[in-house]
Amino acid sequence: MILKNCSMEKFCKYTKDKELICFGASQMLIDMCCLYDEYNILDLITVIVDNKLDKQNKNMDVCGRSIGVISVDSLKQRITDKSIIVIVAAFFNEIVNQLDNIREFNNIECYIYPIMHYTDRNTEIVVDNQGNDKIPKIIHYCWFGGNEIPEFERKCIESWKKFCPEYEVKLWNEDNYDVHKKPYVREAYDNKQYAFVSDYVRLDVVYKYGGIYFDTDVEVIRPLSSLLKNHAFAGFQHNTRVNTGLGFGAEKGMEIIGEMRDYYDNVSFINEDGTLNRTPCTLYQNEVLKKHGFKENGKNQMIDGMMIYPQDYFQPRCPITGIVNIVEQTYAIHHSRESWVSDINLRKRKTALLSMKEIMKRTTQK
């Protein structure tokens with residue numbers, strides 16, 4: 001297998017006369033097609049491959065188009081000289097190893113979407129707002145469960161105080177917040193899933209009091225004064241999703257924040273089959289924002305008074321390589337401790353990061 005890398009624009013132009021095969025029937029595939037719809041990448045896909053039996057021999061809806069999903073064995077029968085594979089999966093190292101051991105793919109070009117996506121990172125600079133402060137100088141954070149805050153998180157909190165010495169830093173926990181006020185919060189708390197408790201609480205307290213919220217693994221690296229001139233703000237986690245955990249803020253009573261909060265009124269944390277609903281808050285927030293015209297394109301946009309900043313503002317760390325790329329407009333670094341992610345996925349992610357250097361050595365520029 002021949003590993004390649006290039007920008008998404010070059011990739012889409014190159015594959016126009018090829019047979020594009022996507023490996024991974026995943027949300028990442030949908031995100032890729034949404035983010036790069038200007039290049040009509042959806043129209044270029046001929047088939048999807050996936051290792052999971054329950055996905056094979058079915059069709060997957062990708063942005064309104066139904067595309068067939070097949071197994072690797074089926075792909076071996078239909079591969080041609082015109083075939084190009086793009087891996088659309090977070091744990092792409094496992095797929096690379098798998099394809100490397102299949103002789104039918106020895107001379108097939110293969111691209112890795114997470115690497116190409118990082119190559120295309122948005123570095124748009126947004127002109128700071130002018131005028132008076134609208135957001136009060138309060139930094140909210142949550143720590144539920146009663147355990148001691150670890151040293152790393154304490155250092156992050158100290159960075160807030162260093163660059164925002166005149167701000168009130170407000171801790172929310174069981175002592176000052178009613179964790180039984182909403183079914184979603186109560187169910188998450190009773191199951192000791194405190195990160196999901198915070199998903200709701202952060203929206204509630206910023207709506208009621210105004211101010212800025214940070215997850216405890218967010219390190220601030222410069223003053224936040226320019227952000228206060230917004231009615232509300234948030235940032236892209238990746239180029240398709242907004243994540244309030246990175247850092248978001250609003251003036252008191254901001255309507256769109258209240259709408260994000262109230263979305264949870266119709267969400268249960270415990271599913272009907274008794275399993276836990278671990279849907280990340282980014283999906284819920286995007287659903288609300290899309291009703292107001294939000295585009296999942298990674299670009300700066302104003303949504304009903306809420307400024308959405310590009311990824312570099314609050315999430316300069318590449319989720320694949322782990323490299324932190326701080327630029328002029330970076331306010332903070334979300335270190336992505338992700339206490340809600342399962343131990344299995346954390347181990348798989350660590351393995352993927354360790355194999356990254358070897359994969360990058362093999363990847364050539366197109």
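Nothing in this text is a laboratory measurement; each read-out follows from the coordinates by a stated rule. Here the structure is a predicted model, which is why all the values come from computation and not from measurement. Neighbour counts run over all protein chains shown; Cβ positions are idealised from the backbone, glycine included.
Sequentially through segment 138-153, phi angles give Karplus couplings (6.51, -1.76, 1.60; θ = phi - 60°) of 10, 10, 9, 8, 10, 8, 9, x, x, 6, 5, 5, x, 4, 4, 5 Hz, Gly and Pro residues having no value and appearing as x. Over segment 123-250, the Kirkwood radius and the radius of gyration, each from Cα atoms, give a ratio Rg/Rh of 0.97.
Seen from a random direction on average, the alpha-carbon convex hull of the chain projects onto 18.9 square nanometres.
Spatially, segment 38-104 and segment 140-159 are offset by 42 Å when compared through their Cα centroids. In the chain, helices alone account for a calculated mean residue ellipticity at 222 nm of -9500 deg cm²/dmol, with every DSSP H run of four or more residues adding -39,500 (n - 2.57). For segment 17-28, the Karplus equation 6.51 cos²θ - 1.76 cosθ + 1.60, evaluated at θ = phi - 60°, returns couplings of 9, 10, 9, 7, 10, 9, 9, x, 7, 10, 5, 4 Hz by residue, with Gly and Pro reported as x.
With unit charges on the beta carbon (Lys/Arg positive, Asp/Glu negative), name the residue among TYR264, GLN311, LEU283 whose Cα is farthest towards the positive pole of the charge dipole of segment 200-331. Of the options given, the answer is GLN311.
Between the residues SER66, ILE102, ILE48, the greatest Cα displacement towards the positive end of the dipole of segment 1-109, with unit charges on the Cβ of Lys, Arg, Asp and Glu, is found for ILE102. Close amide H pairs (under 5 Å, H built 1.01 Å from N) link PHE214 with HIS140, residues at least 5 positions away or on another chain.
The region of the chain that goes longest without hitting one of the GluC sites (Glu not before Pro) in a DSSP loop, each with at most 15 other Cβ atoms within 10 Å, is 1-123.
Over all directions, the projected convex hull of the C-alpha atoms in segment 138-335 averages 11.1 nm² in area.
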